[in-house]
1. Exactly one of these conditions fails for Leu50: (1) in contact with a Lys or Arg (Cβ under 7 Å, 6 or more places away or on another chain); (2) closer than 17 Å to Ile121 by Cβ; (3) among the hydrophobic types (A, V, I, L, M, F, W, C). Give me its number.
2. Taking region 77-100, which residues are open to solvent by less than 50 Å² (accessible area, probe 1.4 Å) and of a type outside the set (A, V, I, L, M)?
3. Considering only residues that are of a type outside the set (D, E, K, R) and either assigned to a loop (DSSP other than H, G, I, E, B) or open to solvent by 50 Å² or more (accessible area, probe 1.4 Å) (or both), which ones fall in region 21-38?
4. Can you list residue pairs whose Cβ atoms sit under 7 Å apart, with the first residue in region 66-79 being among the hydrophobic types (A, V, I, L, M, F, W, C) and the second being open to solvent by 80 Å² or more (accessible area, probe 1.4 Å)? Count only pairs 6 or more apart in sequence or on different chains.
5. Which of (1) of a type in the set (A, V, I, L, M); (2) at pLDDT below 85; (3) in contact with a Lys or Arg (Cβ under 6 Å, 6 or more places away or on another chain) is the odd one out, the single condition Met1 does not satisfy?
6. Scan region 45-73 for residues that are open to solvent by 40 Å² or more (accessible area, probe 1.4 Å), within 17 Å of the chain's Cα centre (by Cα) and at pLDDT below 90 and jot them down.
7. If I ask for residues that are touching a Gly at 6+ places or on another chain (Cβ under 9 Å) and within 19 Å of Asn122 (Cα to Cα), which ones from region 53-78 would you list?
8. Of the numbered conditions (1) open to solvent by 80 Å² or more (accessible area, probe 1.4 Å); (2) within 13 Å of the chain's Cα centre (by Cα), Thr6 fails exactly one; give the number of that condition.
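The values are calculated or read from the model by the stated rules, or taken from the named source; none is laboratory data. Keep in mind the model is a prediction, meaning the values are calculated, not measured. All Cβ positions, glycine included, derive from the backbone under ideal geometry; neighbour counts span all protein chains shown. Just so you know, the surface numbers come from the protein's heavy atoms only, side chains and all, with ligands and any DNA or RNA stripped out. Shrake-Rupley method; radii C 1.70, N 1.55, O 1.52, S 1.80 Å.
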Amino acid sequence: MSITVTIPGGTAEILTPDELTPRRQRAVQVVALQAAPLIKKMQSAGTLNLPDGSVKPNPDATAGMPDVNLTEDEANLFFRIQDASIYTHLKSWTLDIPRPETIDAVQDIPSPVYDALSTAINTQAPVQAQFEPSETTLEDKGSPFGESGASPTP
């Protein structure tokens with residue numbers, strides 16, 4: 001069942017993970033695949049230093065984790081993950097402006113609404129978008145990771 005959250009100017013319906021369709025999940029999955037190295041870098045950081053000088057703390061950081069500086073491309077990808085997450089979860093809202101119909105259109109919503117949606121969505125269970133190979137998937141010829149180091153035989 002979707003969750004109703006208060007946003008500046010109204011309310012929004014946020015889809016829960018069990019309501020997400022493959023079409024909705026795909027947006028986050030594609031960005032997560034593109035961002036896999038960045039995600040690993042972010043997970044090992046105490047804080048992220050963005051090119052604009054802002055600092056994003058890692059809520060899962062432990063003592064002694066280093067600060068990590070992101071390049072401009074990495075920062076763009078970092079925010080693309082947020083945009084995809086908002087697009088994926090936003091079912092509807094009561095605002096007098098159209099709901100964003102694409103990931104790129106998420107960037108056109110008012111900043112206070114964007115921030116409220118991001119906070120509401122990030123407090124939910126995350127969409128399963130990690131594609132980590134395991135021993136099973138590495139040995140499975142049908143897996144996307146299967147025999148990745150093997151050369152094809154003619």
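1. (2)
2. The answer is Phe78, Gln82, Asp83, Ser85, Tyr87, Thr88, His89, Ser92, Trp93, Pro100.
3. Within region 21-38, Thr21, Pro22, Val30, Leu33, Gln34, Ala35, Pro37 qualify.
4. Leu77/Gln34
5. (3)
6. Lys56, Pro57, Pro59, Asp60, listed by residue number.
7. Quick first cut of region 53-78, residues touching a Gly at 6+ places or on another chain (Cβ under 9 Å) only: 57-58, 61-68.
Correct list: Pro57, Asn58, Ala61.
8. So Thr6 meets the others, but not (2).
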